[in-house]
Amino acid sequence: MTTDGFTTYLWFDGQAEEAAQFYVSVFKNSSVGGVLRYTEAGPGPAGTVVTVDFTANGQRFVALNGGPAFTFNEAISFQIDCADQEEIDYYWTRLTEGGGAPGSCGWLKDRFGVSWQVVPTALIEMIADPDQEKAARATKAMLSMGKLDLAALRKAYDGA
């Protein structure tokens, strides 16, 4: 059996369409696909949204209005690999707007409660450096930050 990948479902409590539109507005290479609505057969009110297919940054998702039974937590997060501080600032600002919450070490929650890691790709290289002193300095600097500051991380990494 072959497949073309997988689809991530995100469970919302009545905000599936709003969330899909938001994510499409934040990420490039994004679009909303089909919207499935309840019919007279239910179980929800006819015409209300059940699911919204969307693509964000080339990845396929389905936003599901599943009700209040489950909520998001930090056990699942999405990492955004950023080339520079401009990208870090952009994603941090966009994803925390409208009720999102900044976290530590580059983590944040958006207004729907979804957890994101906004990470410069250079940080991964720094903390994986075989020079354990450099890696430790970069890690220590990261642990002291909310939104990651690439210049400060490089400075710590370099020992300056």
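The values are calculated or read from the model by the stated rules, or taken from the named source; none is laboratory data. In this text the structure is predicted, and so the values were computed from the model without any measurement. Cβ coordinates were reconstructed from backbone atoms using ideal geometry, including for glycine residues, and neighbour counts include every protein chain displayed. Quick note on the areas: whole protein, heavy atoms, side chains included, nothing else; ligands and nucleic acids left out. Shrake-Rupley method; radii C 1.70, N 1.55, O 1.52, S 1.80 Å.
At a glance:
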item	result
Among the residues listed as Lys134, Lys147, Lys155, the single one being in a helix (DSSP H, G or I), of a type outside the set (A, V, I, L, M) and open to solvent by 70 Å² or more (accessible area, probe 1.4 Å)	Lys155
Members of the stretch 14-42 found to be in contact with a Gly (Cβ under 9 Å, 6 or more places away or on another chain), open to solvent by less than 90 Å² (accessible area, probe 1.4 Å) and over 10 Å from Phe54 (Cα atoms), listed by number	Gly14, Ala16, Phe22, Phe27, Tyr38, Thr39
Residues located in the stretch 73-104, provided they are among the hydroxyl-bearing types (Ser, Thr, Tyr) and either free of Cβ contacts under 8 Å to residues at least 24 places away in the same chain or surrounded by fewer than 14 Cβ atoms within 10 Å (Cβ to Cβ) (or both)	Tyr90, Thr93, Thr96, Ser104
Subset of the stretch 115-144 (residues that are more than 20 Å from Asp84 (Cβ to Cβ), among the polar types (S, T, N, Q) and touching a residue at least 24 places away in the same chain (Cβ under 8 Å))	Ser115
Filter result (in contact with a helix residue (DSSP H, G or I) (Cβ under 6 Å, 6 or more places away or on another chain) and farther than 14 Å from Asn29 by Cα) within the stretch 49-63	Val49, Val52, Ala63
